[in-house]
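Down below is the structure, laid out as structure tokens.
The values are calculated or read from the model by the stated rules, or taken from the named source; none is laboratory data. These numbers come from a predicted model, not from an experiment. Positions of Cβ are generated from backbone atoms using ideal geometry, with glycine treated the same way; all protein chains shown enter the neighbour counts.
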């Protein structure tokens, strides 16, 4: 199978969707498919680049267009690149802010379909529109309504044969637009490289937070319950924060230190160090809302390192939808339940290895289907 992926940027470790696309492409090449990637709106470069990108012993040819180039020039050049490859499939990796700095990529509606006249289209929705959450402010709701219109017109115009998303809430939203949408689990961009070691060591329970820490989490209640738990079981607690966590890490550090936990803020680290920390921790902590955890790359990395996750996040729900999220391997913290979580029944961790997901992706394309909305 010959596949062209389109994403916004392909700078190593600077764009999560770009990292995802590169790793999936190289895995598809490993299992026998022909793949190339186009970065159509790359804000990390100052000139057009054709290069071979490499990870984990594999490589893939990519073409990158800087975001400052005129849109028509980028798409005309991309069309030539696609024509020279003659793919059977073109896969758009969609993030609404990835293709326009204000999240309004109207230009995609008319231009995408012209890129590959004879190819079938696939869309992977990594994100949809803003303002989806029930208590969003009016500004986000208005922006979200415009983005929703763009996405619906994009679906109608490109007429994709297969649509995927990694979040069941998004799957429901796309279905409400009138298109069938398949669920494709997210894999980690951090490979497993260390020997996995679980449970308290020398009386220490190790927690880890990886990536952005979101505001609004019930951190005070969580830390107070954790303090009581550790005291009751004569244990010590340790929290390691890695990655670009943002200013919220200071709030977590403050409350944890006051409660007697040892806190280590490590910042950005290499894949091998991240994998080692994840694989030797007792629990992961995520502040991403429970219903959106399926699209969290950091949670996928925890799963790949066989680490259960405690969700400590603000309440987030969507009106008129079944607010069902995956709970395998995830414990949702609510005030008063931390002891039952830490002493709870083992949950089965989902298997999200990249090889099985790549095969699932290919199978979906092989059995492709779609349904147009009534408009």
Inset, instruction - Identify the residue in segment 279-292 that is touching a strand residue (DSSP E or B) at 6+ places or on another chain (Cβ under 6 Å) and outside any loop (DSSP other than H, G, I, E, B) and, among all such residues, is surrounded by the fewest Cβ atoms within 10 Å (Cβ to Cβ). - result: 283
Inset, instruction - Answer yes if at least one residue in segment 24-39 is more than 30 Å from residue 367 (Cα to Cα) and modelled with pLDDT of 95 or more, and no otherwise. - result: no
Legend entry - Enumeration of residues in segment 56-92 that are in contact with a helix residue (DSSP H, G or I) (Cβ under 8 Å, 6 or more places away or on another chain), crowded, with 16+ Cβ neighbours inside 10 Å, within 30 Å of residue 270 (Cβ to Cβ) and in contact (Cβ under 8 Å) with a residue 40 or more places away in the chain: 62
Inset, instruction - Determine, yes or no, whether residue 216 is outside the structural domain of residue 125 (by TED's automatic domain parsing) and modelled with pLDDT of 80 or more. - result: yes
Inset, instruction - Output the number of the condition that residue 237 fails; it satisfies all remaining conditions of (1) buried (at least 19 other Cβ atoms within 10 Å of the Cβ); (2) without any contact (Cβ under 8 Å) to a residue 60 or more places away in the chain; (3) part of a loop (DSSP other than H, G, I, E, B). - result: (3)
Inset, instruction - Could you figure out which of (1) modelled with pLDDT of 90 or more; (2) over 30 Å from residue 144 (Cβ atoms); (3) buried (at least 19 other Cβ atoms within 10 Å of the Cβ) isn't true of residue 275? - result: (1)
Inset, instruction - Go through segment 10-34 residue by residue and tally those that are crowded, with 24+ Cβ neighbours inside 10 Å and not in a helix (DSSP H, G or I). - result: 1
Inset, instruction - Answer yes or no: is there a residue in segment 128-147 that is touching a helix residue (DSSP H, G or I) at 6+ places or on another chain (Cβ under 8 Å) and without any contact (Cβ under 8 Å) to a residue 12 or more places away in the chain. - result: yes
Inset, instruction - Considering only segment 161-182, state which residues are within 29 Å of residue 354 (Cβ to Cβ) and out of contact with any helix residue (DSSP H, G or I) (no Cβ under 9 Å at 6 or more places or on another chain). - result: 171, 172, 175
Legend entry - Members of segment 216-232 that are surrounded by 14 or more Cβ atoms within 10 Å (Cβ to Cβ) and assigned to a loop (DSSP other than H, G, I, E, B): 217, 218
Legend entry - Filtered residue count, segment 248-274, keeping only those that are part of a loop (DSSP other than H, G, I, E, B) and either touching a strand residue (DSSP E or B) at 6+ places or on another chain (Cβ under 6 Å) or more than 13 Å from residue 227 (Cα to Cα) (or both): 4
Legend entry - Total residues in segment 251-272, condition surrounded by 13 or more Cβ atoms within 10 Å (Cβ to Cβ), free of Cβ contacts under 8 Å to residues at least 12 places away in the same chain and under 25 Å from the mean Cα position of the chain (by Cα): 0
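A quick yes/no check of all residues on (1) within 21 Å of the chain's Cα centre (by Cα); (2) at pLDDT 90 or above; (3) under 19 Å from residue 134 (Cα atoms):
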{"residue": "298", "(1), (2), (3)": "yes, no, no"}
{"residue": "304", "(1), (2), (3)": "yes, no, no"}
{"residue": "309", "(1), (2), (3)": "yes, yes, no"}
{"residue": "313", "(1), (2), (3)": "yes, yes, yes"}
{"residue": "317", "(1), (2), (3)": "yes, no, yes"}
{"residue": "324", "(1), (2), (3)": "yes, no, yes"}
{"residue": "337", "(1), (2), (3)": "no, yes, no"}
{"residue": "347", "(1), (2), (3)": "no, no, no"}
{"residue": "350", "(1), (2), (3)": "yes, no, no"}
